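*Asks:* Below you'll find the structure I mean.
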Amino acid sequence: MDFLTLIELLDSTVRSATPLLLACLAGLYSERAGIFDIGLEGKMLAAAFFSAAIAFMTGSAWLGLLAGIGASLVLSVIHGLASINYRGNQLISGVAINFLAAGMTVLVAEDWFSEGGRTPSLEGSARFGPIKLPFADQIADTPVVGPIYAGLLSGHSVLVYVAFAMVPVTWWVLYRSRFGLRLRAVGEAPEAVDTAGVSVIRLRYSAVIICGVLCGVAGAYLATGLQANFTKDMTANRGFIALAALIFAKWRPWYALAACLLFGFLFAIETRFQNIALFGVPLPLQLVQALPYILTVVILAGFVGKAIPPRAGGEAYVKER
Amino acid sequence: MQGGKEKGRQDTAAPAIELRGISKAFGAVQANKDISISVQPGTIHGIIGENGAGKSTLMSILYGFYKADAGEIFIRGKKVQIPDSQAAIATGIGMVFQHFKLVDNFTVLENVILGAEGGALLRPSLAKARKILTELEREYELHVDPDALISEIGVGKQQRVEILKALYRQADILILDEPTGVLTPAEADQLFRILDRLKAEGKTIILITHKLREIMEATDTVSVMRRGEMTATVKTAETSPEELAELMVGRKVLLRVDKAPAKPGDKILEVENLRVVDDKGVARLKGVSLDVCAGEILGIAGVAGNGQSELLEVLGGMLGATGTIRVNGQPLPLAGKGADGRARRAAGIAHVPEDRQRKGLIMDFMAWENMAFGYHHDAAYQSNSVLMDNGAIQRETAAKMERFDVRPPAPRLFARNFSGGNQQKIVVAREIERNPDVLLVGQPTRGVDIGAIEFIHRQLIALRDAGKAILLVSVELDEIMSLSDRIAVMFDGQVMGERLPHETNETELGLLMAGIRGEAA
């Protein structure tokens, strides 16, 4: 593999990792606050559809993004109502949201566009185009530094940069701000937060809403950045992979970045190399495509060390006597 | 956010806390009935009562957890509304709950500032808190490392963190709910020294407990609650433990256990060099050896978590180990086949587990079903080779409930719906009525009211007098002292020493419990 191929592969890794990273950080906020969320998938899917649809209708990717965030937020609030106010089972609520999103997006897409459950292709300003970083062209020909800067760092859509910037932001919020202290506390010991005179419900809703916004951005990126339209089930279980990455990262932001890049890398291999030979034996395409999913199963089965989730995760807070 | 000293002694004429006519019902249960109480500033006021008497409900109302159905609250002479914890904190009320409200993987400092950070950024808040904490530590001798994780410090220190939390929020009224339940006697003494210090600084303290000794030692005045009502408020100096116990229960109570001297017979249970390593690789039992004779109660004293639970579980067949156990001279297998609860029961060992709600009962099963557990293979319980004879079990359960005074004596009631004391009576009845050679008893009176404690203690003595061997594990030193014929103290998975109850005292046992051997050892 030569240097330029490697740069291309890494470039593709960054693109593939972006929706995973956004969803993973979304899950991080929610789960750190004690709300398990397996509905990341559904929220991303709904956001993908509405962002594509509104971007197509208005011709503005930004309006599409807002619509995607809005759709994701609606589902977030449903999850919040079910698991915070009504103390429902958080897994069941998440599953329901996934089903709802999978069915609703295709149904509405067919009704609005009659293209077999997809949206028409997006062009021009209806998509988030690549952003060229300053001096990218000038130093593109410099050896080593040039390709890294121009080929790898430059030329992504704005949402990619947002996603990667969210990692230090999340770290800072979590460990350096009052909100972060309370957020971590409410996922570990809501009774401590409650007796300290802080509202458990308000904190958990803030977390769920942040989760919804980030899932919305992730979905919008899928349909208006990475691809150029919405297709049925286009999230392809990325929500679940993000959850696996979150567990792999033990609910910490920088580790989440590393985990998502690893998954992104596997996706990149799948898209870049259709036929790989290992020791002279060609690997079947299906095996290569299955790699991210195989890794997910391995992580979820607990082969990568013990991950201890937030202690109060998955349980509604009930005041005791 | 200074220490709060200047708020201390103002306006001594008005009571620090005055409750007038507080009532609170949960459904049909009247938890608090028309309760009035007045606490002078700079005093320690005790509230004593049995489980379910309404002490915690009353304090939860004062801390804003519940809204009273009727009544008024006055703090320092001013009428206040306390709709939530935040309002309570703002009024200067701090509460130390029985189960600490701490975040285990946070540092002491982070726990102290949680909810009272003072700014959106953590660093300045933490720095300011560190300074205040140092002052508070010096002022009240509340030493604790601000950077230690809660999960790494002992319960005694955790409790100090709770007190620091309240002081940091400038509380001048401090409520402590059953504060000594998890402490060693030495730690409890330290706590009471801290409380005295707080009192001297003008703080008002409410101490909720069911331990008469603590009330007598620590408080200035005491209120007694029974079935949701406040039955009396007296000066501690003018009352006696006997009078308080009678006020609590509503009848005369025997505080000392009445028992004849033991007549120990042959060794029934022999334990040699028992060792257990848990799945984290930590040694829980480090070579425990002891014997229990027929007609004898061996009490195991110790602070919770020093291997007593593991000892009971190994003997009861719930946990594997290495070493030797003999019953009536016959060795029992310690691992693999034959090392389970059923085999142990067949060998004559009955077990009243420490945690009755998780290991002694199935809370969502009825009393009669619970009464059959562990003995459900019994031939008397089978109609034929397939079906069980539920009628027979229910009849037998009704008879046992009668004999053990379980209230209500309803075999078809769910275990969950009995009070703690009556749940425990069901477990004790099930095990004692099988007439075992050896009875293992863990924390027989934890969360059990005084009346039921008296009854359960009498049953244990009766079993001893019938010539059975009893191994009693309890964290209540009073219980160990009054029931045991011999006392073994456990610390860190080892037996620190054995003492005879009439030749020792709480100080000596307390030192052994803390792992300090006197010269006599």
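The values are calculated or read from the model by the stated rules, or taken from the named source; none is laboratory data. Just so it is clear, the model here is predicted, and its values are computed rather than measured. Counting neighbours? That spans all protein chains shown, and the Cβs are built from the backbone with ideal geometry, glycine included.
*Asks:* If I filter region B:503-510 for residues that are of a type outside the set (S, T, Y), assigned to a strand (DSSP E or B) and either without any contact (Cβ under 8 Å) to a residue 60 or more places away in the chain or touching a Ser or Thr at 6+ places or on another chain (Cβ under 7 Å) (or both), do I get at least one hit? Quick ask: steps written out before the conclusion?
*Replies:* Looking only at region B:503-510, we keep the residues that are of a type outside the set (S, T, Y), and these are B:503, B:505-506, B:508-510.
From what's left, assigned to a strand (DSSP E or B): none.
No.
*Asks:* Given B:L126, B:L136, B:L149, which one is under 14 Å from A:L181 (Cβ atoms) and not assigned by TED's automatic domain parsing to the domain that holds B:I215?
*Replies:* B:L126
*Asks:* While we're here: Among (1) surrounded by 14 or more Cβ atoms within 10 Å (Cβ to Cβ); (2) within 18 Å of B:V39 (Cβ to Cβ), there is one condition B:V249 misses while meeting the rest; what is its number?
*Replies:* (2)
*Asks:* Applying the selection to region A:185-212, what residues are in contact (Cβ under 8 Å) with a residue 40 or more places away in the chain, crowded, with 20+ Cβ neighbours inside 10 Å and either more than 9 Å from chain B (Cβ to nearest Cβ) or touching a helix residue (DSSP H, G or I) at 6+ places or on another chain (Cβ under 6 Å) (or both)?
*Replies:* Within region A:185-212, A:V186, A:G187, A:P190, A:D194, A:V200, A:L203, A:R204, A:A207, A:V208, A:I210, A:C211, A:G212 qualify.
*Asks:* With respect to the numbered conditions (1) more than 14 Å from chain B (Cβ to nearest Cβ); (2) assigned to a loop (DSSP other than H, G, I, E, B); (3) more than 15 Å from the chain's Cα centre (by Cα), which one is the sole condition not fulfilled by A:A312?
*Replies:* (1)
*Asks:* Select from region B:92-118 the residues that are buried (at least 20 other Cβ atoms within 10 Å of the Cβ) and in a strand (DSSP E or B) and write down the one among them that is nearest to the other protein chains (Cβ to nearest Cβ).
*Replies:* B:M95
*Asks:* Within region B:119-136, how many residues are more than 14 Å from every other protein chain (Cβ to nearest Cβ) and either surrounded by 14 or more Cβ atoms within 10 Å (Cβ to Cβ) or closer than 23 Å to B:M95 by Cβ (or both)?
*Replies:* Counting residues in region B:119-136 that are more than 14 Å from every other protein chain (Cβ to nearest Cβ) and either surrounded by 14 or more Cβ atoms within 10 Å (Cβ to Cβ) or closer than 23 Å to B:M95 by Cβ (or both) gives 5.
*Asks:* Here's another thing I want to ask about it. Within region A:79-100, can you find the residues that are part of a helix (DSSP H, G or I) and loosely packed, with under 14 Cβ neighbours inside 10 Å? Spell out the reasoning first.
*Replies:* Residues of region A:79-100 that are part of a helix (DSSP H, G or I), as a first pass: A:79-85, A:90-100.
The answer is A:N85, A:I92, A:F99.
*Asks:* Which of the residues spanning region B:38-59 are over 13 Å from B:L207 (Cα atoms), surrounded by fewer than 22 Cβ atoms within 10 Å (Cβ to Cβ) and within 11 Å of another protein chain (Cβ to nearest Cβ)?
*Replies:* B:G52
*Asks:* Going by the structure shown, is B:A462 part of a helix (DSSP H, G or I) and in contact with a helix residue (DSSP H, G or I) (Cβ under 6 Å, 6 or more places away or on another chain)?
*Replies:* no
*Asks:* When you go through (1) of a type outside the set (K, R); (2) touching a helix residue (DSSP H, G or I) at 6+ places or on another chain (Cβ under 8 Å); (3) surrounded by fewer than 16 Cβ atoms within 10 Å (Cβ to Cβ) one by one for B:T322, which number turns out not to apply?
*Replies:* B:T322 satisfies all of (1) of a type outside the set (K, R); (2) touching a helix residue (DSSP H, G or I) at 6+ places or on another chain (Cβ under 8 Å); (3) surrounded by fewer than 16 Cβ atoms within 10 Å (Cβ to Cβ) except (2).
*Asks:* Still on this model: Which condition from (1) farther than 23 Å from B:L312 by Cα; (2) without any contact (Cβ under 8 Å) to a residue 12 or more places away in the chain is the one that B:A462 breaks?
*Replies:* B:A462 satisfies all of (1) farther than 23 Å from B:L312 by Cα; (2) without any contact (Cβ under 8 Å) to a residue 12 or more places away in the chain except (1).
*Asks:* Take B:E139 and tell me if it is within 11 Å of another protein chain (Cβ to nearest Cβ), over 30 Å from B:I22 (Cβ atoms) and of a type in the set (D, E, K, R).
*Replies:* No: the conditions fail for B:E139.
*Asks:* Can you tell me which condition A:R238 does not meet? The list is (1) closer than 30 Å to A:R182 by Cβ; (2) away from every other protein chain (no Cβ under 14 Å); (3) out of contact with any Pro (no Cβ under 7 Å at 6 or more places or on another chain), and all the others hold.
*Replies:* (3)
*Asks:* Given the criteria of a type in the set (A, V, I, L, M, F, W, C), surrounded by 16 or more Cβ atoms within 10 Å (Cβ to Cβ), under 16 Å from the mean Cα position of the chain (by Cα) and outside any loop (DSSP other than H, G, I, E, B), does A:A259 qualify? Don't jump to the end; show me each part of the working.
*Replies:* Details: of a type in the set (A, V, I, L, M, F, W, C): yes; surrounded by 16 or more Cβ atoms within 10 Å (Cβ to Cβ): yes; under 16 Å from the mean Cα position of the chain (by Cα): yes; outside any loop (DSSP other than H, G, I, E, B): yes.
Considered against the rule, which asks whether it is of a type in the set (A, V, I, L, M, F, W, C), surrounded by 16 or more Cβ atoms within 10 Å (Cβ to Cβ), under 16 Å from the mean Cα position of the chain (by Cα) and outside any loop (DSSP other than H, G, I, E, B), A:A259 comes out as yes.
*Asks:* Can you go through B:T221, B:T233, B:T184, B:T209 and tell me which one is of a type in the set (V, I, T), surrounded by fewer than 17 Cβ atoms within 10 Å (Cβ to Cβ) and either closer than 27 Å to B:S474 by Cα or in contact (Cβ under 8 Å) with a residue 60 or more places away in the chain (or both)?
*Replies:* That would be B:T233, the only listed residue that is of a type in the set (V, I, T), surrounded by fewer than 17 Cβ atoms within 10 Å (Cβ to Cβ) and either closer than 27 Å to B:S474 by Cα or in contact (Cβ under 8 Å) with a residue 60 or more places away in the chain (or both).
*Asks:* Can you find, within region A:148-178, the residue that is farthest from the other protein chains (Cβ to nearest Cβ) among those that are in contact with a Leu (Cβ under 8 Å, 6 or more places away or on another chain) and aromatic (F, W, Y)?
*Replies:* Only one residue tops the list, namely A:Y149.
*Asks:* Which residue out of B:Q86, B:Q81 is free of Cβ contacts under 8 Å to residues at least 60 places away in the same chain, surrounded by fewer than 22 Cβ atoms within 10 Å (Cβ to Cβ) and more than 8 Å from every other protein chain (Cβ to nearest Cβ)? Don't jump to the end; show me each part of the working.
*Replies:* Working: B:Q86 fails: more than 8 Å from every other protein chain (Cβ to nearest Cβ).
So the residue among B:Q86, B:Q81 that is free of Cβ contacts under 8 Å to residues at least 60 places away in the same chain, surrounded by fewer than 22 Cβ atoms within 10 Å (Cβ to Cβ) and more than 8 Å from every other protein chain (Cβ to nearest Cβ) is B:Q81.
*Asks:* Being out of contact with any Lys or Arg (no Cβ under 8 Å at 6 or more places or on another chain), crowded, with 18+ Cβ neighbours inside 10 Å and among the small types (G, A, S) is the filter here, so list the residues in region B:342-371 that pass it.
*Replies:* B:A347, B:G348, B:G360
*Asks:* Give the residues of region B:366-399 that are of a type in the set (A, V, I, L, M) and either modelled with pLDDT of 95 or more or assigned to a helix (DSSP H, G or I) (or both), sorted by residue number. If you could, list the steps in order and put the result at the bottom.
*Replies:* Of the residues in region B:366-399, the ones of a type in the set (A, V, I, L, M) are B:366-367, B:371-372, B:379-380, B:386-388, B:392-393, B:398-399.
The answer is B:A367, B:M371, B:A372, B:A379, B:A380, B:A392, B:I393, B:A398, B:A399.
*Asks:* Return only the number of the condition from (1) in contact (Cβ under 8 Å) with a residue 40 or more places away in the chain; (2) within 14 Å of another protein chain (Cβ to nearest Cβ); (3) assigned to a helix (DSSP H, G or I) that A:A218 does not satisfy.
*Replies:* (2)
*Asks:* Here's something else I'd like to know. Among strands (runs of 3 or more DSSP E) lying entirely in region B:214-333, which contain 3 or more residues that are under 25 Å from B:L183 (Cβ atoms) and in the same structural domain as B:L471 (by TED's automatic domain parsing)?
*Replies:* B:283-293, B:296-301
*Asks:* Here are some residues: A:F135, A:F128, A:F113. Which one is of a type in the set (A, V, I, L, M, F, W, C) and on the phi > 0 side of the Ramachandran plot?
*Replies:* Criteria check complete, one pass: A:F135.
Each row is one residue, and each column tells you yes or no for (1) touching a Leu at 6+ places or on another chain (Cβ under 8 Å); (2) within 21 Å of A:V160 (Cβ to Cβ); (3) crowded, with 22+ Cβ neighbours inside 10 Å.
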residue	(1), (2), (3)
A:E8	no, yes, no
A:S12	no, yes, no
A:L21	yes, yes, yes
A:G34	no, no, yes
A:M44	yes, yes, yes
A:S51	yes, yes, yes
A:V74	no, no, no
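*Asks:* Here is a list of conditions, (1) hydrophobic (A, V, I, L, M, F, W, C); (2) over 15 Å from the mean Cα position of the chain (by Cα); (3) buried (at least 24 other Cβ atoms within 10 Å of the Cβ), and A:L65 meets all of them except one; can you say which number that is?
*Replies:* Result: A:L65 passes all but (2).
*Asks:* Can you confirm whether region B:100-123 contains a residue that is under 19 Å from B:K199 (Cβ atoms) and in contact (Cβ under 8 Å) with a residue 12 or more places away in the chain? Before the answer, list the steps.
*Replies:* Within region B:100-123, the subset under 19 Å from B:K199 (Cβ atoms) is none.
Looking for residues that are under 19 Å from B:K199 (Cβ atoms) and in contact (Cβ under 8 Å) with a residue 12 or more places away in the chain, one finds none in region B:100-123, hence no.
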